[in-house]
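Okay, so here's the structure we're looking at.
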Amino acid sequence: MSEHSRKARPTVPPGLLVVDKPAGMTSHDVVSRVRRIMGTRKVGHAGTLDPMATGVLVLGLERATKLLGHLALDTKSYLATIRLGATTSTDDAEGEVLSEVDASAVDESAVRAGIAELTGEIEQVPSAVSAVKINGRRAYELVRSGEEVELAARPVTVSRFDVLGLRRTERTTELDVLVECSSGTYVRALARDLGAGLGVGGHLGELRRTRVGPFGLATARTLEQLEAEPGLSMGLDEAVATAFPRRDVDATLARALSHGQLVPAAGVEGTYGMFDPDGRAVALVRDRGRTAKPVLVIIPAN
């Protein structure tokens, strides 16, 4: 191939891409598609979504992949449909139906009381087909290989669990709900436990994530939109400013940070971003007493 016919590889800037994931794709499927669209292998994701779920999936490209493990994605929001009247092997609509009863006349006040019991700080047993690790293996991998899985309850916070709509069919009652919760909360486990508490069984019918941390659907794009117009949702500097508290420093401190050196603490809880006089994110740091230590140097010294 001649130099004239050989296409130059496009330069992809580092940053975050907020995708509105379609149903039927795994998070890894989305990563593979974005790699092809954006022309880079350096793509990673944070906050996995199940194949049946849609909505916000945060991807990092190029150097921004290093941000993913530090992102504060500790709160999430969902719109979901809960179907009362049947239990399934996966606690969602994709599993095998294990039991069915007539739940068409379940009392609405009982439903709301059951939801109240599942709101606040609760102990939740994750679904057996969740991504929780047991001795280094994912729970769903063990289930698929035929092994019995028993997971321990863990503390989670459900800050909001609201009924937006209630529909009755011949044998079921369907609830459209809004859930705001801490990371590690399983909405399908909420559906399972609500149905169990009502004595009719329940499972998750549909799930759409509307927000994870500070990233919401307002900045998300579909894969089709990305195909038509490839580009980032936000560059590296904006991503750091969006996801972390910000501290601006002078050139001397910025230079020290680029060498991975300690700098004076800012009195900020958790991880925060340090920006140089040109507005560039230099490092993510955490206070350690009177000093701040870089946990990720974004612009290392040459």
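The values are calculated or read from the model by the stated rules, or taken from the named source; none is laboratory data. Remember, predicted model here, so these are calculated numbers, not experimental data. Cβ: placed from backbone, ideal geometry, glycine included. Neighbour counts: every protein chain shown.
Within the range 36-77, the set of residues being buried (at least 22 other Cβ atoms within 10 Å of the Cβ) and more than 19 Å from L17 (Cβ to Cβ) comprises D50 only.
Looking at the range 288-299, which of the residues that are surrounded by 15 or more Cβ atoms within 10 Å (Cβ to Cβ) and within 26 Å of the chain's Cα centre (by Cα) is nearest to L236 (Cα to Cα)?
I298
Looking across the range 241-253, just one residue is under 23 Å from E62 (Cβ atoms) and either touching a Lys or Arg at 6+ places or on another chain (Cβ under 8 Å) or part of a loop (DSSP other than H, G, I, E, B) (or both), and that is F244.
Give the range 203-221 a look and list any residue that's over 23 Å from D193 (Cβ atoms) and small (G, A, S), or say none. Residues satisfying the conditions are G213, G216, A218, A220.
It is to be established whether one or more residues within the range 240-250 are surrounded by fewer than 15 Cβ atoms within 10 Å (Cβ to Cβ), closer than 30 Å to P51 by Cα and not charged (D, E, K, R). No - not one qualifying residue is present in the range 240-250. For the range 255-302, enumerate the residues that are of a type outside the set (A, V, I, L, M, F, W, C) and closer than 24 Å to D74 by Cα. Listed by number, the residues that qualify are G267, E269, G270, T271, Y272, G273, R286, D287, R288, K293, P294.
Take the residues of the range 255-287 that are charged (D, E, K, R) and in a loop (DSSP other than H, G, I, E, B): which is surrounded by the most Cβ atoms within 10 Å (Cβ to Cβ)? Selected residue: D276. Figure legend. Inter-residue proximity from the range 150-171: first residues under 15 Å from R188 (Cα atoms), second residues in a strand (DSSP E or B) and among the small types (G, A, S), beta-carbon distance below 6 Å, spacing 6+ or different chains. Indicated pairs: V156/S182; T157/S182. Take the range 208-237 and flag every residue that is in contact with a strand residue (DSSP E or B) (Cβ under 6 Å, 6 or more places away or on another chain), under 28 Å from V282 (Cα atoms), part of a loop (DSSP other than H, G, I, E, B) and not hydrophobic (A, V, I, L, M, F, W, C). Answer for the range 208-237, where residues must be in contact with a strand residue (DSSP E or B) (Cβ under 6 Å, 6 or more places away or on another chain), under 28 Å from V282 (Cα atoms), part of a loop (DSSP other than H, G, I, E, B) and not hydrophobic (A, V, I, L, M, F, W, C): just S233.
Looking at M274, M234, just one residue is touching a residue at least 24 places away in the same chain (Cβ under 8 Å) and under 30 Å from G55 (Cβ atoms), and that residue is M234. Considering only residues of the range 46-61 that are of a type in the set (A, V, I, L, M, F, W, C) and out of contact with any helix residue (DSSP H, G or I) (no Cβ under 7 Å at 6 or more places or on another chain), which is farthest from S77 (Cα to Cα)? Applying the filter and picking the extreme gives M52.
Tell me, which strands (runs of 3 or more DSSP E) wholly within the range 36-135 include 3 or more residues that are farther than 15 Å from L204 by Cβ?
Once the strands (runs of 3 or more DSSP E) in the range 36-135 are filtered for at least 3 residues that are farther than 15 Å from L204 by Cβ, what remains is 43-46, 54-61, 120-124.
If you filter the range 176-207 down to residues that are in a strand (DSSP E or B) and in contact with a helix residue (DSSP H, G or I) (Cβ under 7 Å, 6 or more places away or on another chain), you find that the one that is surrounded by the most Cβ atoms within 10 Å (Cβ to Cβ) is G202. Condition first: surrounded by 20 or more Cβ atoms within 10 Å (Cβ to Cβ) and under 30 Å from A218 (Cα atoms). Now tell me which residues in the range 78-117 satisfy that. Of everything in the range 78-117, those that are surrounded by 20 or more Cβ atoms within 10 Å (Cβ to Cβ) and under 30 Å from A218 (Cα atoms) turn out to be Y78, A80, I82, R83, D91, D92, I115.
Of the residues contained in the range 151-171, none is found to be crowded, with 18+ Cβ neighbours inside 10 Å, closer than 21 Å to E94 by Cα and either out of contact with any His (no Cβ under 6 Å at 6 or more places or on another chain) or of a type in the set (A, V, I, L, M) (or both). Check the range 94-103 and report whether any residue there is touching a His at 6+ places or on another chain (Cβ under 9 Å) and either assigned by TED's automatic domain parsing to the domain that holds R160 or of a type in the set (D, E, K, R) (or both). The answer is yes, given that some residue of the range 94-103 is touching a His at 6+ places or on another chain (Cβ under 9 Å) and either assigned by TED's automatic domain parsing to the domain that holds R160 or of a type in the set (D, E, K, R) (or both).
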